[in-house]
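The values are calculated or read from the model by the stated rules, or taken from the named source; none is laboratory data. Since the structure is predicted, the reported quantities are computational estimates derived from the model, not experimental observations. Neighbour counts run over all protein chains shown; Cβ positions are idealised from the backbone, glycine included. Accessible surface areas use protein heavy atoms only, side chains included; no ligands, DNA or RNA. Shrake-Rupley method; radii C 1.70, N 1.55, O 1.52, S 1.80 Å.
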Amino acid sequence: MSVNVPMGASLLMQRVVRTCTTNIAQQRCRPLHSKVEFSKWTLNTRTFGTSPVWANNNGSNKNTSDPSLPNLIQTSRPGSQFGRRRPLSPLERISQLLPQDALSSEVAQLREHKQDEDEKPTEMCPQEDCNILDDFVTDAQRANGGDESTETQIEDRLGMKQEPPTKYNVAEPISLEFPENETCSGHLGFSASPLPGERSMTFGEALIAEYRKKGRVEFRKMFQLQNGVRLQSSWGTIAHNELMGCPSGMYKRTTLGIPILIRRPSLEEFVLNMRRGPAIAYPKDASEMLMMMDVSEGDCVLESGSGSGAMSLFLSRAVGSKGSVVSVEIREDHHKRAVLNYKRWRTSWMQSRGEEWPDNVHFYNTDLQAASSLLAGRGFHSIALDIISPQIVLPTVTPHLHSGAVCAVYLANITQVIDLLEGVRCSALPLLCERIIEVQVRDWLLAPAIQKDGQFCTRKAPPPLAGQEKKGERSDEENEEMGDTKNPPFGSIPYIARPHPEQTSHTAFLVKLRKCEK
């Protein structure tokens, strides 16, 4: 298939394609005999692309019960190149600009076939073209003496009438006591009254937005609920004001209609999603360190290497309001980040629980090796070290550790562990290395077996042995009925279990040193 175009015509076509000229011919309606005649109204637009247009039905007014209403059908017209339908190919664009006699027979047949398909009417009213009817509705109301029923009849016929959205005044105090059959704005299925002790989401607290597709987390983001701000994502946006006063753990639809789960984060999730400077002590390692040190309520713990404040938060919860944590960081930027994350968690806790998180962590920006005055007169039930060379500070902190207590060390690689043990041996410190471990966590996937058509698979009993009768065997009709049901009975669906393809890699080695006096 080819098109022979002269040189002059080729330059002309390039200029026309570059300018993308749009010609619009529109014939306005005029009132006749105190009523508006809409049947002659037409709108023709020509651009590169395809999208719907409203036009009259060949100038006739058949199928219209009310002569004051327009008898409109939807036809197809060339529209924007980036419209909803498939854009035109370069050959189709050029062929539309050429005269009929300049085309080959194959291209002419394709053009005629395309025009026959475009003349077929459709039934949907495009939202972007429905606003063209506003002027005609106004003229029809004037002709009918200001009666608003004309607009209602047009909307009913075109399927454009929609219920107004529910509005909430966020400036007033919001309660979770919703009336019957009403829900929080955009919330899917919430209609019950709050339980005792349950609090709604308020400005200032940290929340997590999560979207899962087929059991897989596609989107997860932690944000702070603020007035006048929107949650941005590739799946649409959500206004923060719409979440104000709603319960935690609710699904909220974005502007694209995607349901996003909005909930409060746990301390583990807050640590994993908070802003950080250096690498954090991961929850799996932090929990093991707490077990090593046997931290309980009322203990006094020393932490060296505040980092981003992850271990400080876990220690703060472990010691409670009666205990205290002394956290030392040598770098000023890491010190500031740890303090900000600690304050942010305490603020979010206060907003969500209505009670204050204990202020039991004291941060210091200093070198622990030269901080003898800071440790003077203090004794610690346990020590947590998360620094590059812990053997340097061990001679300073060991005298302040209770006898029989544990010092847990967090190290990234095994060579650091070797240097630590060498430092303990050369310094002749009263420390006994009890354990060196690496915490491994293995995630698993478990889901019911589903066929390609979306139906659940059903368990099949093994065939009976030769000479034995099978007791309680179902007939073929019963098995087919069980396979067709959307909710098979308990124990009739097989499950598939396998390790998760994305596993957590190595994070650190944990060394347990116990102080033993001779």
Failed criterion for MET250 (all others in (1) under 20 Å from ARG435 (Cα atoms); (2) at pLDDT below 95 hold): (1)
Residue match in the stretch 220-230 (condition: out of contact with any Ser or Thr (no Cβ under 9 Å at 6 or more places or on another chain), free of Cβ contacts under 8 Å to residues at least 24 places away in the same chain and among the charged types (D, E, K, R)): no
Count of the stretch 361-378 residues which are at pLDDT 95 or above and open to solvent by less than 60 Å² (accessible area, probe 1.4 Å): 2
Failed criterion for VAL393 (all others in (1) free of Cβ contacts under 8 Å to residues at least 40 places away in the same chain; (2) part of a helix (DSSP H, G or I) hold): (1)
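When you look at VAL417, is it under 44 Å from the mean Cα position of the chain (by Cα) and more than 23 Å from SER316 (Cα to Cα), yes or no? Before the answer, list the steps.
Numbers: under 44 Å from the mean Cα position of the chain (by Cα): yes; more than 23 Å from SER316 (Cα to Cα): yes.
Considered against the rule, which asks whether it is under 44 Å from the mean Cα position of the chain (by Cα) and more than 23 Å from SER316 (Cα to Cα), VAL417 comes out as yes.
Here is a yes/no grid of residues against (1) touching a strand residue (DSSP E or B) at 6+ places or on another chain (Cβ under 8 Å); (2) more than 29 Å from ARG435 (Cα to Cα); (3) outside any helix (DSSP H, G or I):
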| position | (1), (2), (3) |
| --- | --- |
| VAL271 | no, no, no |
| ARG275 | no, yes, yes |
| ASP285 | yes, no, no |
| MET311 | yes, no, no |
| LEU315 | yes, no, no |
| SER321 | no, yes, yes |
| VAL326 | yes, no, yes |
| ARG344 | yes, yes, no |
| TRP357 | no, yes, yes |
Residue check, GLU502 at pLDDT below 85, open to solvent by 100 Å² or more (accessible area, probe 1.4 Å) and under 30 Å from TYR282 (Cβ atoms): yes
Boolean, PRO265 is assigned to a loop (DSSP other than H, G, I, E, B), open to solvent by less than 30 Å² (accessible area, probe 1.4 Å) and modelled with pLDDT of 95 or more: yes
Output for the stretch 328-338, where each listed residue is assigned to a helix (DSSP H, G or I) and crowded, with 19+ Cβ neighbours inside 10 Å: HIS334, HIS335, ARG337, ALA338
Filter result for the condition that a residue is farther than 27 Å from TYR282 by Cα, open to solvent by 70 Å² or more (accessible area, probe 1.4 Å) and among the hydrophobic types (A, V, I, L, M, F, W, C), over CYS457, CYS426: CYS426
Complete set of residues in the stretch 421-431 that are out of contact with any Leu (no Cβ under 7 Å at 6 or more places or on another chain) and either assigned to a strand (DSSP E or B) or of a type in the set (A, V, I, L, M) (or both): LEU421, ALA428
Which listed residue is part of a strand (DSSP E or B), touching a His at 6+ places or on another chain (Cβ under 9 Å) and not hydrophobic (A, V, I, L, M, F, W, C), from HIS362, HIS381: HIS381
